[in-house]
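Novice: One structure is given below, represented as structure tokens, and several questions about it will come after.
What follows is calculated from the coordinates using simple rules that are stated; it is not laboratory data. As the structure is a prediction and not an experimental result, all values here were calculated from the model. All Cβ positions, even for glycine, are placed from backbone atoms using ideal geometry, and neighbour counts span all protein chains on display.
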2 protein chains.
Amino acid sequence: MADASAETFPSERLAEFCAAVFRHCGVPAADARRAAEILLAADLRGIDSHGVARLSAYYGLLKTGRINPRPNITVVRETPSTATVDGDNGLGLVVGPAANQIAMDKADAIGSGWVAVRNTNHYGIAGWYVLEALRREQIGISMTNTSRITAPLWGAERMLGTNPLAIAFPGLEEPPIVIDMATTAAAFGKIEIAVRKGEPIPEGWAIDSEGRPTTDPNDMVNGGAMLPLGSERSRGGHKGYCLGAMIDLLCGPLSGANWGPFTPAFALSHPDPRRPVGKGIGHFFGAMQIAAFIEPDELKRQIDDWIRTFRATRPAPGTNGPLIPGDPERAAEQIRRREGIPLIAPVVAELRVIARETGVPFPP
Amino acid sequence: MADASAETFPSERLAEFCAAVFRHCGVPAADARRAAEILLAADLRGIDSHGVARLSAYYGLLKTGRINPRPNITVVRETPSTATVDGDNGLGLVVGPAANQIAMDKADAIGSGWVAVRNTNHYGIAGWYVLEALRREQIGISMTNTSRITAPLWGAERMLGTNPLAIAFPGLEEPPIVIDMATTAAAFGKIEIAVRKGEPIPEGWAIDSEGRPTTDPNDMVNGGAMLPLGSERSRGGHKGYCLGAMIDLLCGPLSGANWGPFTPAFALSHPDPRRPVGKGIGHFFGAMQIAAFIEPDELKRQIDDWIRTFRATRPAPGTNGPLIPGDPERAAEQIRRREGIPLIAPVVAELRVIARETGVPFPP
């Protein structure tokens, strides 16, 4: 992903810039710091599409009053092990951590906590939330529905989001296993890169506006759709659709958020949904105390063994063998903590526009 | 799937036969009835590979003392919202329902229940358990790890099972959405059918014993492996691997069961794992009271709307548009309740062998 035209910035400085922009938009200082931290966690882990590159979208929505900078986050329904949270149309980067905290507190208290969230917005990388749970000797689960971009199998239009899922398991001597994945065949960011480079995309990623398979990334951008994991019927595309649906149903109907094609657009430039069926988008968080199930050190020893066993898998020809989920992100983080975050020219240009409008200096 | 050579039997009769065989093996009458019910639920729903066709495998393991017909199922660790269950090496068809019941009881009591199960065996279709939760106004989640047959992405050997996941959501006027899926690109049963018919399999389903992609189903059977959902790196095969791993980790290390390549073989003809790392295979059940999150009728109205909205998706060319998860199984059940369960000749032959050995008459 290294781009010759990228400029590199220390992550701490970018975090300060993002936090200052959020504060400028009326977000309280602690919330602004947390929101910036989540954005930079994406950049550090190499998930460029979900980091500072999205500041402009969040900023646009805050600036035009479409996101509430000072939400009154409330629990609207609760049992000892569950809660439904209304995010008062706050930043997902603020509402998400608050709801995840409720799940983790319940897990500490009675073994597990499960929180459905409505009236929220995009929450950054799903993986950030489950890394928080790891710090508390918990297994965290994190899901969100997102703006529509994916066709269900055999559909010709955008009906679901990329709807990611994350979960993590701690090792003792080994680093944790961290799963953080969208339920589409490919990330939308890869389509954008192909458009920019004028290159075709592999079969199985996308359909055009008529619902036909395409390898032209412009077809997808111009009214086409992403395909669910599995891509087509013979390869299990119905299963990827089922996973996207599961996440949509847990985040949307269960919390009272919008779902499917009615999730609100993330960027100002995208059209609004046809009718509201709930409030905002939705998240779903779970947290389970490891000690509720097994001695934590025993689990961690087994995870170490799992990791070493899977690393020792006989490699397929032309490969170095299987990775452990979380390996690529951890490798990216080691490099980027040392060398800084590379930002491509269009992102830097957007940040300069924000700097001019807000008076927050850039480069920071 | 209709096979000209299939004989058809009423499901009730097949259930009686299965129950009588289980009783013959020492399984208590109520457990035998329940186990038979779960097998026939698979046949009724059109999942032939997981129904009566598997009686022979269960019977073989019971007959040779490798499954305990009268397990003392115990809760070995517990919090108000979680439990770890030891299945005492019982039938998964007996241990699974008992553990699922614990999860559902906890959900009734305090909002949700989450149960990891070790020292158990294959539990039939994952979907049966979540249909039980629906009857109690709960959203059920069901997972199991299974005997090794799937390669991780970039691996050349069998390291994971097919590791299915099920979850269901109730409609008000519409039938429920029922997701029940393996995390492989295709079902192993489809490989078996291709072998029997001497036909090639699509790309993306399997690798041969050297880890090379293959379209010859015999290559997979003879020491090759299934591929995870997504099949290859460019189409998200790492995500299918992540899903299989997630289920393996929740069912295995979290409960103290075996995991990955060390899960015990399901059939007597398969080799044993190289070393035990826990007890038996593992399941993981979740149950969430719907009323804990939202008014149940409000959820059901949203589910109805979701179903109708997705049914109205513009169809891709050459298709009738997206299905709703659970549609194919419900359609199969309508036909099979009326017309009976078709069993192919090799399955009928196996049942006749069991009849001869046990003295339980067949056809029943």
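Novice: What are the residues whose amide H is under 5 Å from the amide H of residue A:82, where those residues sit 5 or more places off or on another chain and H is modelled from the backbone?
Specialist: When sequence neighbours closer than 5 places are left aside, the close amide H contacts are A:114.
Novice: Sticking with this one: Under 5 Å between amide H atoms, partner at least 5 residues away or on a different chain: which partners does residue A:206 have, H built in plane at 1.01 Å?
Specialist: Sorted by chain and number, the residues that satisfy this are A:214, A:227.
Novice: Checking a compactness column here: for the stretch A:94-210, what do you get for Rg(Cα) / (2.2 N^0.38 Å), N being the number of residues? Please list the in-between numbers first.
Specialist: Working: Rg = 17.2 Å, N = 117, 2.2 N^0.38 = 13.4 Å.
Compared with the compact-globule rule of thumb, the stretch A:94-210 sits at 1.28.
Novice: How much of the pair distance distribution for the stretch B:210-346 lies past 27 Å, counting alpha-carbon pairs only, in percent?
Specialist: Considering the stretch B:210-346, 55 percent of its Cα-Cα pairs are separated by more than 27 Å.
Novice: Using the Cα centre of the stretch A:186-226 as origin and beta-carbon charges of +1 (Lys, Arg) and -1 (Asp, Glu), tell me which of A:189, A:207, A:218 is placed farthest towards the positive end of the dipole.
Specialist: Positive-end residue among those listed: A:189.
Novice: How large is the charge dipole for chain B, taken about the Cα centre, if only the Cβ atoms of Lys, Arg (+1) and Asp, Glu (-1) carry charge, to the nearest 20 debye?
Specialist: With Lys and Arg at +1 and Asp and Glu at -1, about 600 debye.
Novice: Further question on the same structure: Mean 1/r over all different Cα pairs, inverted: what Kirkwood radius does the stretch A:40-128 give, in Å? If you can, show how the numbers build up before the last one.
Specialist: Details: mean 1/r = 0.0723 Å⁻¹.
Averaging 1/r across every pair of different Cα atoms and inverting gives 13.8 Å.
Novice: Which of B:136, B:196, B:23 moves most in a GNM of chain B, Cα contacts under 10 Å?
Specialist: Among B:136, B:196, B:23, the largest mean-square fluctuation in the Gaussian network model of chain B belongs to B:196.
Novice: Let me check against my output: what whole-number percent is the relative contact order of the stretch B:186-226, with C-alpha pairs under 8 Å and at least 6 apart? Spell out each step's value before the answer.
Specialist: Details: 62 pairs, mean separation 14.9, N = 41.
That works out to 36 percent.
Novice: OK, next. What's the average, rounded to a whole number, of partner chain beta-carbon atoms within 10 Å of each residue's beta-carbon in A:292-301?
Specialist: Mean partner-chain Cβ count within 10 Å for A:292-301: 5.
Novice: A further question follows. By the scheme Lys and Arg +1, Asp and Glu -1, what is the net charge of all other residues having a beta-carbon under 15 Å from that of residue B:176?
Specialist: Values: positive: B:45, B:135, B:136, B:300, B:301, B:308, B:311, B:330; negative: B:132, B:137, B:173, B:174, B:180, B:297, B:304, B:305, B:327, B:329, B:333.
Local net charge: -3.
Novice: Hey, in the GNM for chain A with a 10 angstrom Cα cutoff, which one of A:223, A:51, A:252 fluctuates hardest?
Specialist: Of A:223, A:51, A:252, the most mobile in the Gaussian network model is A:223.
Novice: Give me A:180, A:105 ranked fewest to most by other Cβ atoms within 10 Å of their Cβ, as a rough exposure proxy.
Specialist: Sorted ascending by nearby Cβ count, the order is A:105, A:180.
Novice: Please report, in debye to the nearest 20, how large the charge dipole of the stretch A:186-226 is about its Cα centre when each Lys and Arg carries +1 at its beta carbon and each Asp and Glu carries -1 there.
Specialist: 160
Novice: If the viscosity is 0.692 mPa s and the temperature 37 °C, what translational diffusion coefficient in µm²/s does Stokes-Einstein give for the stretch B:188-275 when Rh comes from Kirkwood over Cα pairs?
Specialist: Approximately 230 µm²/s, per Stokes-Einstein.
Novice: What percent do you get for the relative contact order of chain A when only Cα pairs under 8 Å and 6+ apart count?
Specialist: Over chain A, the number comes to 22 percent.
Novice: Size of the dipole of the protein assembly as shown about the Cα centre, Lys and Arg at +1 and Asp and Glu at -1 on the beta carbon, nothing else charged, in debye to 20?
Specialist: 120
Novice: Then there is this: Can you pull out the trypsin sites (Lys or Arg not before Pro) in the stretch B:54-133 that DSSP calls coil and that have at most 14 other Cβ atoms within 10 Å? Spell out each step's value before the answer.
Specialist: Values: sites: B:54, B:63, B:66, B:77, B:106, B:118; in loops: B:66.
Those that pass, being in a loop and sparsely packed, are B:66.
Novice: Please compute, over every Cα-Cα pair in the stretch A:1-159, the percentage with a separation greater than 25 angstrom.
Specialist: When every Cα pair of the stretch A:1-159 is considered, 36 percent fall beyond 25 Å.
Novice: OK, next. Viscosity 1.306 mPa s, temperature 10 °C: give me the Stokes-Einstein translational D for chain A in µm²/s, with Rh taken as the Kirkwood radius over C-alpha pairs.
Specialist: On the way: Rh = 21.1 Å.
The Stokes-Einstein estimate is 75 µm²/s.
Novice: Now a separate question. Restricting to DSSP H runs of at least four residues, report the calculated mean residue ellipticity at 222 nm for chain B, -39500 (n - 2.57) per run over all residues, nearest 500 deg cm²/dmol.
Specialist: -12000 deg cm²/dmol
Novice: For A:178, B:353, B:360, what's the fewest-to-most ordering of other Cβ within 10 Å of each Cβ?
Specialist: Numbers: A:178 22, B:353 12, B:360 19.
Neighbour counts put them in this order, fewest first: B:353, B:360, A:178.
Novice: What would the Debye formula give as log10 I(q)/I(0) at q = 0.05, 0.06 Å⁻¹ for the alpha-carbon point model of the protein assembly as shown, no solvent?
Specialist: Summing over Cα pairs of the protein assembly as shown leads to -0.23, -0.33.
Novice: In peptide A:245-258, how many Cβ atoms from other protein chains are near each Cβ within 10 Å, on average?
Specialist: Taking all residues of A:245-258 together, the mean is 5.
Novice: Modelled label-to-label distance, residue A:335 and residue A:352, 7 Å Cα→beta-carbon offset: nm?
Specialist: Once both label points are built, they end up 2.6 nm from each other.
Novice: Ranking request for peptides A:39-48, B:283-292: highest mean number of other beta-carbon atoms within 10 Å first, then the rest in descending order.
Specialist: B:283-292, A:39-48
Novice: Can you give me the long-range amide H partners of residue A:259? Hydrogens built in the peptide plane at 1.01 Å from N, cutoff under 5 Å, separation of 5 or more residues or another chain.
Specialist: Answer set, sorted by chain and number: A:277.
Novice: Report the Stokes-Einstein translational diffusion coefficient (µm² s⁻¹, integer) for the stretch B:186-226, Rh taken as the Kirkwood radius over Cα pairs, at 37 °C with viscosity 0.692 mPa s.
Specialist: Answer from the Stokes-Einstein relation: 345 µm²/s.
Novice: Can you tell me the alpha carbon radius of gyration of the stretch A:269-364 divided by the globular rule-of-thumb value 2.2 N^0.38 Å? Working shown, then result.
Specialist: On the way: Rg = 22.4 Å, N = 96, 2.2 N^0.38 = 12.5 Å.
Relative to the rule-of-thumb radius for its length, the stretch A:269-364 sits at 1.80.
Novice: Could you list A:139, B:281, A:73 in order of exposure, starting from the residue whose Cβ has the fewest other Cβ atoms within 10 Å?
Specialist: So the ranking, lowest neighbour count to highest, is A:73, A:139, B:281.
Novice: Another question, then. What's the FRET efficiency of residue B:78 with residue A:29 using the Cβ-Cβ distance as r and R₀ = 30 Å, to the nearest 0.05?
Specialist: 0.10
Novice: Starting from 0.36 nm per residue, how many nanometres of slack lie between residue B:221 and residue B:311 once their C-alpha separation is accounted for?
Specialist: In short, 28.6 nm is gained.
Novice: For peptide A:322-328, what's the mean number of Cβ atoms from other chains within 10 Å of each residue's Cβ? Before the final figure, lay out the partial values.
Specialist: On the way: counts 10, 6, 2, 9, 1, 0, 1.
Per residue, the number of nearby Cβ atoms from other chains is 4 on average.
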